[in-house]
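This report concerns only the one structure given below.
The values are calculated or read from the model by the stated rules, or taken from the named source; none is laboratory data. The structure presented is a predicted model; accordingly, all values stated were derived computationally and were not measured. Methodologically, a virtual Cβ is constructed for each residue, glycine included, from the backbone with ideal geometry; neighbour enumeration extends over all protein chains shown. Note: areas computed on protein heavy atoms with side chains; ligands, DNA, RNA excluded. Shrake-Rupley method; radii C 1.70, N 1.55, O 1.52, S 1.80 Å.
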Amino acid sequence: NDAAEGLLAAWKSGPQINFGGNRACYSPALDCVAMPQKEAFDTADNFYSVLFHELTHATGHATRLNRLTEQAAFGSSTYAKEELVAELGAAFLGANVGLVNTLEQSASYIAGWLKALKDDRRLVLSAAGKAQAAADLILGNSVAAE
């Protein structure tokens with residue numbers, strides 16, 4: 001996907017991305033994303049969708065939008081809220097570069113976290129605003145927190 005590759009190349013203030021291994025994750029302490037190789041994914045669109053999810057997490061770093069201010073345990077409310085932000089950000093970025101067939105997966109993922117948050121619909125609006133700020137930063141439409 002040339003548009004996705006162009007987006008990645010244009011984001012100069014992003015984290016280091018290390019390819020290899022069998023799981024995708026963002027480390028705030030190291031400010032780096034770990035990603036399996038593209039060949040590990042069923043489709044290139046799935047690869048970019050996962051990468052955009054992790055890059056959205058990276059926008060929360062203190063040098064960017066400063067959203068990741070506390071350590072969040074897996075399954076906690078704080079963790080669930082950040083997962084909503086990351087998945088919405090990935091959906092926004094994916095739509096921007098023309099990814100197909102990832103919206104249904106995102107909707108399912110988001111629905112799961114909403115259940116964990118007891119269907120608090122206000123959280124969706126808050127997460128969507130943060131996700132849009134993250135997408136804007138990656139797309140070069142805003143500046144990081146100073």
Study note, to complete from the structure: In the structure shown, of Lys38/Lys81; Lys12/Lys130; Lys12/Lys81, the pairs separated by more than 23 angstrom at the C-alpha atoms are Lys38/Lys81; Lys12/Lys81
Point to revise | Ala44/Tyr79 FRET efficiency (R0 30 Å; Cβ-Cβ; nearest 0.05) | key: 0.60
Check your understanding: Out of segment 10-102, which GluC sites (Glu not before Pro) are coil in DSSP terms and have no more than 16 other C-beta atoms within 10 Å?
Key -> Glu70
Check your understanding: Can you give the accessible area per residue of segment 31-102, in Å², using a 1.4 Å probe?
Key -> 43 Å²
Review point. Which net charge results for the neighbourhood of Phe41, defined as the other residues with beta-carbon distances under 14 angstrom from its beta-carbon, given Lys and Arg at +1 and Asp and Glu at -1?
Key: -2
Exercise for review: Can you list which of the chymotrypsin sites (Phe, Trp or Tyr not before Pro) found in segment 1-101 are DSSP loop residues with at most 10 other C-beta atoms within 10 Å?
Suggested key: Phe74
Practice item. Over the alpha-carbon set of segment 11-105, work out the extent along each principal axis and list the three values in angstrom, largest first. Key: 34, 27, 26
